[in-house]
Amino acid sequence: MQSDMKYYEQKDVYSLTFDVIGGRDVMPIGGYYGPNETDYKSENGNQAFDFVSDEFYSLVDAAGINILVSTRDYYELKPQAVHKGLQLCEKYGMGYFVMDSEIWNLAEENSADLQQKISDRIALYSNYTSYLGQAVIDEPRTKQFDTAARALKAVENIDKDFYGYCNLFPTYRQRIDYTGTAEVIDYEEYLERYLTTVTPQMLSYDHYLYTTENTVVDSIYFENLSIVREKAEKYGIPFWTFIQCGGQWSENGSIAKPDPIFPNEGEFIWNVNTCLAYGAKGMQYFTLTQPPWFAETQQGMNYEINGMVGALGNINRWYYYAQKANKQIQAIDHVLMNAYNYGIKLGGSAVNDIKGNEVIDGAFRELTKINGDAIVGCFDWYGKTALYVVNYSRTEKQSVTLGFGGKYGMEITQRALVRHYAGNKVKLTLEAGEGALIVLA
């Protein structure tokens with residue numbers, strides 16, 4: 001089969017990056033919840049860990065996190081913790097979205113001098129190079145969109161490098177109150193109203209696969225990815241997504257039943273790599289630190305079931321999973337952040353499981369054939385073909401072979417290591433959920 005390059009010409013790439021983390025070639029990799037100043041002094045006889053410290057920020061930096069999207073330290077309550085966090089982010093080349101309820105209150109009040117009031121408020125902490133903007137609201141409903149729009153606009157009017165951050169609901173094909181009113185709308189309408197009313201600089205959402213045995217439904221996960229990808233493309237903005245670090249997310253006094261389910265390494269890495277194959281331009285981990293109430297289980301307190309770092313400062317398994325995933329991202333983000341995603345090609349059982357508009361039938365440029373269970377993200381990178389090959393299995397190592405319409409040189413990045421190869425096909429051995437980037441010469 002001949003190359004079909006003419007059908008996949010270069011298009012504009014939509015990314016949002018920040019100078020403090022390294023500029024346009026560096027993918028934002030965020031942590032949600034923490035590092036925050038703890039509200040308790042001890043737990044079960046253990047002294048509370050100081051998360052707003054050089055020790056902890058060094059740990060976060062070593063994991064590959066480069067932005068903090070929600071520390072849960074509100075400026076009006078803990079200004080000293082916010083200033084210290086901004087200072088530590090400067091030291092480690094990280095970015096920080098500040099949480100400040102006064103910004104929302106002012107936007108809701110909507111006085112004639114709203115812009116000046118918000119500018120004055122933000123001036124209290126925006127002099128740090130690590131300041132990225134405001135974490136405005138998480139999972140807003142449509143009745144809150146007008147307030148969110150005023151807040152984002154006011155923040156972004158202050159400086160071209162300041163942004164408003166909001167994160168949206170997912171879809172689980174079940175009843176979610178997207179409006180906060182009696183009106184019932186579907187997920188696509190929810191996103192459409194957000195994008196037209198708020199006009200954000202990025203589209204962030206969360207979808208967690210591993211909550212109970214009955215909600216591990218891949219088709220809904222891919223449906224959510226497909227819808228968000230399509231909306232981001234329509235409005236010319238990047239999309240950011242979330243990766244699940246642990247289980248047991250019940251709030252105070254509401255212990256999860258049955259016992260928490262959470263991702264193992266293969267499931268975790270698969271979650272990261274499928275999002276990259278779909279063209280995500282930002283990765284976020286939930287939770288970075290474990291809130292104490294997320295440690296409550298039917299068997300008592302457990303600090304190893306949630307968070308990259310537990311509520312007592314203990315390092316959990318998801319820290320190492322994220323560190324491994326982030327090393328691969330850091331080795332390939334200069335390509336992915338500047339590459340246009342045309343969609344995905346599928347091999348093996350993935351063909352029957354994924355049916356979105358993003359699925360490419362036939363050849364993609366030089367790529368003509370896939371043998372093995374795989375999702376292959378198809379990109380243009382400055383005129384070159386880039387392919388992100390993901391093992392579709394979350395449980396088994398397997399081989400995936402790509403066939404091309406001729407003999408080509410290629411650069412392959414796998415496990416953050418680069419090798420060069422030439423041929424009309426290439427065979428990859430991939431661990432469960434693992435991904436590898438191929439750039440054709």
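The values are calculated or read from the model by the stated rules, or taken from the named source; none is laboratory data. Keep in mind that what you see is a predicted model, and the values were worked out from it rather than measured. Every residue, glycine as well, gets a Cβ built from its backbone with ideal geometry; the counts of neighbours run over all protein chains shown.
What number of residues in the stretch 386-400 are surrounded by fewer than 24 Cβ atoms within 10 Å (Cβ to Cβ) and out of contact with any helix residue (DSSP H, G or I) (no Cβ under 7 Å at 6 or more places or on another chain)?
Counting residues in the stretch 386-400 that are surrounded by fewer than 24 Cβ atoms within 10 Å (Cβ to Cβ) and out of contact with any helix residue (DSSP H, G or I) (no Cβ under 7 Å at 6 or more places or on another chain) gives 5.
Could you go through the stretch 343-354 and let me know if any residue there is within 26 Å of Arg415 (Cβ to Cβ), without any contact (Cβ under 8 Å) to a residue 40 or more places away in the chain, of a type in the set (S, T, N, Q) and not assigned by TED's automatic domain parsing to the domain that holds Tyr208.
Checked the stretch 343-354: no residue is within 26 Å of Arg415 (Cβ to Cβ), without any contact (Cβ under 8 Å) to a residue 40 or more places away in the chain, of a type in the set (S, T, N, Q) and not assigned by TED's automatic domain parsing to the domain that holds Tyr208.
Would you be able to say whether some residue in the stretch 289-296 is over 26 Å from Met94 (Cβ atoms), modelled with pLDDT of 95 or more and among the aromatic types (Phe, Trp, Tyr)?
no
Residue under question is Ala295, and the condition is that it be of a type in the set (A, V, I, L, M) and either closer than 17 Å to Ala63 by Cβ or crowded, with 24+ Cβ neighbours inside 10 Å (or both); does it hold?
Details: of a type in the set (A, V, I, L, M): yes; either closer than 17 Å to Ala63 by Cβ or crowded, with 24+ Cβ neighbours inside 10 Å (or both): no.
So Ala295 does not fit the description; no.
Return a yes/no flag: does the stretch 169-184 have any residue that is closer than 22 Å to Ile67 by Cβ and either within 22 Å of the chain's Cα centre (by Cα) or surrounded by 14 or more Cβ atoms within 10 Å (Cβ to Cβ) (or both). Break it down stepwise before answering.
Residues of the stretch 169-184 that are closer than 22 Å to Ile67 by Cβ, as a first pass: 169-170.
Checking which are either within 22 Å of the chain's Cα centre (by Cα) or surrounded by 14 or more Cβ atoms within 10 Å (Cβ to Cβ) (or both) leaves us with 169-170.
Among the residues of the stretch 169-184, at least one is closer than 22 Å to Ile67 by Cβ and either within 22 Å of the chain's Cα centre (by Cα) or surrounded by 14 or more Cβ atoms within 10 Å (Cβ to Cβ) (or both), which makes the answer yes.
Considering only residues that are in a strand (DSSP E or B) and surrounded by fewer than 19 Cβ atoms within 10 Å (Cβ to Cβ), which ones fall in the stretch 344-374? Reasoning before the result, please.
Start the filter on the stretch 344-374 by keeping residues that are in a strand (DSSP E or B), which leaves 344-347, 359, 364, 367-371, 374.
Of everything in the stretch 344-374, those that are in a strand (DSSP E or B) and surrounded by fewer than 19 Cβ atoms within 10 Å (Cβ to Cβ) turn out to be Val359, Lys369, Asn371.
Please go through the stretch 17-48 and pick out each residue that is surrounded by fewer than 19 Cβ atoms within 10 Å (Cβ to Cβ) and at pLDDT below 95.
Scanning the stretch 17-48 gives Asp39, Tyr40, Lys41, Ser42, Glu43, Asn44, Gly45, Asn46, Gln47, Ala48.
Per-residue answers, yes or no, for (1) under 21 Å from Val13 (Cβ atoms); (2) modelled with pLDDT of 95 or more:
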{"position": "Gly362", "(1), (2)": "no, no"}
{"position": "Ala374", "(1), (2)": "no, yes"}
{"position": "Lys384", "(1), (2)": "yes, yes"}
{"position": "Val389", "(1), (2)": "yes, yes"}
{"position": "Gly403", "(1), (2)": "no, yes"}
{"position": "Gln414", "(1), (2)": "no, yes"}
{"position": "Leu417", "(1), (2)": "no, yes"}
{"position": "Gly435", "(1), (2)": "yes, yes"}
{"position": "Ile438", "(1), (2)": "yes, yes"}
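Checking Val335 against (1) surrounded by 21 or more Cβ atoms within 10 Å (Cβ to Cβ); (2) modelled with pLDDT of 95 or more, which single condition isn't satisfied?
If we test Val335 against (1) surrounded by 21 or more Cβ atoms within 10 Å (Cβ to Cβ); (2) modelled with pLDDT of 95 or more, just (1) comes out false.
Hey, among the residues in the stretch 187-233 that are acidic (Asp, Glu) and either assigned to a loop (DSSP other than H, G, I, E, B) or surrounded by 15 or more Cβ atoms within 10 Å (Cβ to Cβ) (or both), which one's modelled with the lowest pLDDT? Give the steps one after another, and end with the answer.
First, the residues of the stretch 187-233 that are acidic (Asp, Glu): 188-189, 192, 206, 213, 218, 223, 230, 233.
Those left that are additionally either assigned to a loop (DSSP other than H, G, I, E, B) or surrounded by 15 or more Cβ atoms within 10 Å (Cβ to Cβ) (or both): 192, 206, 218, 223, 230, 233.
Details: Glu192: 98, Asp206: 97, Asp218: 75, Glu223: 95, Glu230: 98, Glu233: 97.
For the stretch 187-233, the residue satisfying everything is Asp218.
Residue-wise test of (1) under 19 Å from the mean Cα position of the chain (by Cα); (2) over 25 Å from Gly282 (Cβ atoms).
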residue: Phe97; (1), (2): yes, no
residue: Glu108; (1), (2): no, yes
residue: Ala112; (1), (2): no, yes
residue: Gln116; (1), (2): no, yes
residue: Asp120; (1), (2): no, yes
residue: Ala123; (1), (2): no, yes
residue: Ser126; (1), (2): no, no
residue: Ser130; (1), (2): no, no
residue: Ala135; (1), (2): yes, no
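Looking at Tyr421, is it more than 16 Å from Asp333 (Cα to Cα), hydroxyl-bearing (Ser, Thr, Tyr) and either in contact (Cβ under 8 Å) with a residue 40 or more places away in the chain or assigned to a strand (DSSP E or B) (or both)? Working first, answer last.
Numbers: more than 16 Å from Asp333 (Cα to Cα): yes; hydroxyl-bearing (Ser, Thr, Tyr): yes; either in contact (Cβ under 8 Å) with a residue 40 or more places away in the chain or assigned to a strand (DSSP E or B) (or both): yes.
Criteria met by Tyr421.
From Asn127, Asn105, which residue is assigned to a loop (DSSP other than H, G, I, E, B) and either of a type in the set (A, V, I, L, M) or over 20 Å from Tyr32 (Cα atoms) (or both)?
On the way: Asn105 fails: assigned to a loop (DSSP other than H, G, I, E, B).
Matching residue, one of Asn127, Asn105: Asn127.
Can you confirm whether the stretch 234-251 contains a residue that is in a helix (DSSP H, G or I) and within 20 Å of the chain's Cα centre (by Cα)?
Looking for residues that are in a helix (DSSP H, G or I) and within 20 Å of the chain's Cα centre (by Cα), one finds at least one in the stretch 234-251, hence yes.
Keeping to the stretch 145-164, report how many residues are acidic (Asp, Glu) and either in a helix (DSSP H, G or I) or closer than 15 Å to Ser111 by Cβ (or both). Reasoning before the result, please.
Filtering the stretch 145-164 for residues acidic (Asp, Glu) gives 146, 156, 159, 161.
If we keep only those that are either in a helix (DSSP H, G or I) or closer than 15 Å to Ser111 by Cβ (or both) too, we end up with 146, 156.
Matching residues across the stretch 145-164 total 2.
May I ask you to verify whether Val184 is modelled with pLDDT of 95 or more and in a loop (DSSP other than H, G, I, E, B)?
On the way: modelled with pLDDT of 95 or more: yes; in a loop (DSSP other than H, G, I, E, B): yes.
Against the criterion (modelled with pLDDT of 95 or more and in a loop (DSSP other than H, G, I, E, B)), Val184 qualifies.
Restricting attention to the stretch 295-335, which residues are of a type outside the set (Gly, Ala, Ser), touching a strand residue (DSSP E or B) at 6+ places or on another chain (Cβ under 6 Å) and over 30 Å from Val26 (Cβ atoms)?
Ile305, Leu312
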